[in-house]
Amino acid sequence: MRISDLLELLLLAAVWGASFLFMRIAAPVLGPVLLIELRVLLAGLALLLLSIRLNRIAEIRRQLLPLFVVGCINSAIPFLLFAFASLSLPAGFTAILNATAPLFGTAIASVWLGEKLTFSRFFGLVLGFAGVTVLVGWTNIPITQSFIWAVLAGLFASLMYAIAAPYTKQKLSKVSPIVIATGSQLSAAAVLLPITPFFLPTELPSVSVISVVLALAFLSTAFAYILYFRLISNIGAGRALTVAYLIPLFAMVWGAIVLSEVITLSMILGCGLILTGTAIAVYSS
């Protein structure tokens, strides 16, 4: 991996880590559906302007179907699920659940891509999901029904990411990152638009919440997805997914600094086991 790729990976982790903070702030005010519709719509429109400037519209039209699929499984569904999880979980906790994406990716690769599931990879999967157990089982958050649903939503969102990465590599490997980012975000906005009017808030959001939504859309989505799909193209889907190693660290720091969220022992141990298991599962032969 080149130094430039590593720096882009770190930058992506920082802005994606911030997305969990932004969702934690805005989701209780706007609701998950409206928040994510604004996120993907604003990001998609910004990317569309860039695509027009770069003369990429014809390429978007040629790839409408795979872009629509990626928009659903890599944006609309996981974004909505993580926004729902953010109603009940701290930003760092939700980001740690996001870190299970490479674990799911390893399991999917053994089934979908026919990669051999060796003992070391299997051990990595067991260790990683043991980390999920520690994270959830030892938490100081009350184990309520809403907490359980939030955890399941976060895990299912990570599964969607793991499915989307190899699909993107297979179907859109020769498509430019800006085309994938634009088409997927606009597709996600189209999917969520019909249900958005049923989930409108009763009060107008404050200026600070509006600022958070703009940061989520333009920084943690439009800019981040250009970086992400660029990394998939340059270093492959598996290595690009390792951004999930770093996202929890940034998310926990952002949450602690901005919202004074407590970084608990269960979060540290659970995150450590998940990341160690992921390293074993992804990089072992």
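Read-outs throughout are calculated quantities, based only on the coordinates presented, and are distinct from any laboratory measurement. Remember, it's a predicted structure, so these values are computed and weren't measured experimentally. Virtual Cβ from ideal backbone geometry, glycine too; neighbours counted across all protein chains shown.
Structure above, values below:
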{"quantity": "Meets criteria (β-branched (Val, Ile, Thr) and touching a Pro at 6+ places or on another chain (Cβ under 7 Å)) for residue 60", "calculated": "no"}
{"quantity": "Filter result for the condition that a residue is surrounded by fewer than 23 Cβ atoms within 10 Å (Cβ to Cβ), among the small types (Gly, Ala, Ser) and assigned to a helix (DSSP H, G or I), over 240, 190", "calculated": "190"}
{"quantity": "Number of the condition not met by residue 266 [criteria: (1) under 24 Å from residue 97 (Cβ atoms); (2) in a loop (DSSP other than H, G, I, E, B); (3) among the polar types (S, T, N, Q)]", "calculated": "(2)"}
